[in-house]
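Have a look at the structure below, then the notes.
Every read-out reported here was derived from the displayed coordinates using simple, explicitly stated rules and does not represent laboratory data. Nothing here was measured: the structure is a model prediction, and the numbers come from that model. Virtual Cβ from ideal backbone geometry, glycine too; neighbours counted across all protein chains shown.
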Amino acid sequence: MRFDVVTLFPEMFAAVTDHGITRRARELGLWQFAAWNPRDFTSDRHRTVDDRPFGGGPGMVLMAEPLAAAVDAARAAQSQAGFASGLVLALATGGRPLADARVRAWAAEGRPLVLVCGRYEGIDQRFLDACIDEEVSIGDFVLSGGELAAMAVIDAVVRQLPGALKFESTADESFADGLLDAPHYTRPENWRERAVPAALLSGHHAQIERWRREQALAQTAERRPDLVVVARASGRLDDSDEKFLRRLAQGAGGGKPPAILNPSSAAATASSA
Ligand SMILES: C[S@@+](CC[C@H](N)C(=O)[O-])C[C@H]1O[C@@H](n2cnc3c(N)ncnc32)[C@H](O)[C@@H]1O
C-alpha cells in the first residue's frame, strides 16, 4: 500500500514512519510513504501557499493551485510506481467521520491514498470541489492541522495490513465484530487489593472465551449502546449473547441496566423495527 501526504510539515510524519508497528510494517515493505510540500509547487520568491480569505475574517486560507499541483505530482508518482489509481482524501472537520469499517476497506483494497492536510482557517473550497474524492474527519474537535488526522488514518490502515502485527490480531479488537474489546489484565494477580477475574485464571479456554464475550457485550451496552443496536440489526449477536443481555437488563450483572437493554427504550424499539 502507498500513502502520499500533501503537507506543509513533512517532518511530522516521522511519528508513523520511524516508530512502532508502522515503522516495522514499512521496513517489511508493507507500505510506502512520500510527502509533498505545497511550497515546492509555488512560483513566487516567498513560496506563498496561503492568502487572506475573500469576504474578510481572521486567519489565512490555503490556496488551491499549490495544493492541486502537489496532488497531481503525488498521483503521477503513484502511477509511475505501478500503483492503480487511488483515492484523494482531505482531512477536514466537516468530513465523514472515520470508522473502523472504512479503515478495513481501505486496507483490504490496497489502493494508494493521497492525504491532503489543511492548515490555518482551511483550504480554498474550489480545490476541495475539483480535486478531492472524500473529506475525512477524525472527530468533533478542531486540530491545528490535518497532519495528526492523516497520521491517524495511516496508523489505523497500516495495522490492518496482513503481516503488520507481530503478535496481536485485529480480528478480536474493538469494532471488528461490532463490539468493544473485553478488558485485559496482566501480572501480578493481585494489585492494590484488586484481583484478576477468576475466569481468566481458570485455564479453561471455553470459559475464558465466554467471559470475554460477555465482558465485551456488557462494556458495549454500557458505553456504546448504539453499537449494540447495529450489531443486533446486522445479525452479529447469537442466542447466548441475547440471553446474557437480557440477564444484564434484569440487573444480574449488578448495577443499573444500560438504556439499550430496557425493552421499552427508544434504542431497543429501533433495533427490533
Ligand atoms: C484549524 S483547522 C481549520 C478549522 C476550520 N476553520 C473549522 O472551523 O472547521 C486546520 C485544518 O486542520 C485539519 N483538521 C482540524 N480538525 C480536524 C478533524 N477533527 N479531523 C480532520 N482534520 C482536521 C483540517 O485539515 C483543517 O483544514
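Worth a mention:
- Exposed loop sites are taken as trypsin sites (Lys or Arg not before Pro) in a DSSP loop (any state but H, G, I, E or B) with at most 12 other beta carbon atoms within 10 Å; the longest stretch of the chain without one runs 46-165.
- Put simply, the amide H of VAL88, placed in the peptide plane, has neighbours under 5 Å in VAL114, ASP133, GLU134, leaving out anything fewer than 5 places away on its chain.
- Most mobile of LEU113, LEU200, LEU227 in a GNM of the chain (Cα contacts under 10 Å): LEU200
- Environment charge at THR42 (Cβ cut-off 15 Å; Lys +1, Arg +1, Asp -1, Glu -1): -3
- Fraction of antiparallel bridges per DSSP, the chain only, in percent to nearest 5: 20 percent
- Where labels lie 7 Å past Cα in the beta-carbon direction, separation of ARG24 and ASP181 in nm: 1.4 nm
- Nearest-20 debye value, the chain charge dipole, Cβ charges on Lys, Arg, Asp, Glu: 700 debye
- Rounded to the nearest whole Hz, the Karplus-based 3J(HN,Hα) values (6.51 cos²θ - 1.76 cosθ + 1.60, θ = phi - 60°) of region 84-97 follow the sequence 5, 4, x, 9, 10, 10, 10, 7, 8, 4, x, x, 5, x, with x at glycine and proline.
- Result for the chain in a Gaussian network model with C-alpha springs under 10 Å: among PRO112, PRO66, PRO97, the largest mean-square fluctuation is at PRO97.
- Within the chain, helix-based [θ] at 222 nm, where runs of 4 or more DSSP H residues each add -39,500 (n - 2.57), nearest 500: -11500 deg cm²/dmol
- Gaussian network model of the chain, springs between alpha carbon atoms under 10 Å - residue of SER174, SER43, SER79 with greatest fluctuation: SER43
- In this structure the amide hydrogen of ARG2, modeled in the peptide plane, comes within under 5 Å of the amide hydrogens of GLN32, LEU113, none closer than 5 places in sequence on its chain.
- Net length available on complete extension from ARG210 to ASP40 is 55.6 nm, with 0.36 nm assigned per residue and the Cα-Cα distance removed.
- FRET efficiency for the pair GLN80 and ASP133, taken as 1/(1 + (r/R0)^6) with r the Cβ-Cβ distance and R0 = 25 Å, rounds to 0.80.
- Stretchable slack from GLN250 to ARG111, in nm (0.36 nm times residue separation minus alpha-carbon distance): 45.3 nm
- Counting Lys and Arg as +1 and Asp and Glu as -1 over every other residue whose Cβ lies under 10 Å from the Cβ of SER174, the net charge comes to -4.
- Electrostatic bookkeeping for ALA231 treats Lys and Arg as +1 and Asp and Glu as -1; over the other residues with beta carbon under 9 Å from its beta carbon, the sum is 0.
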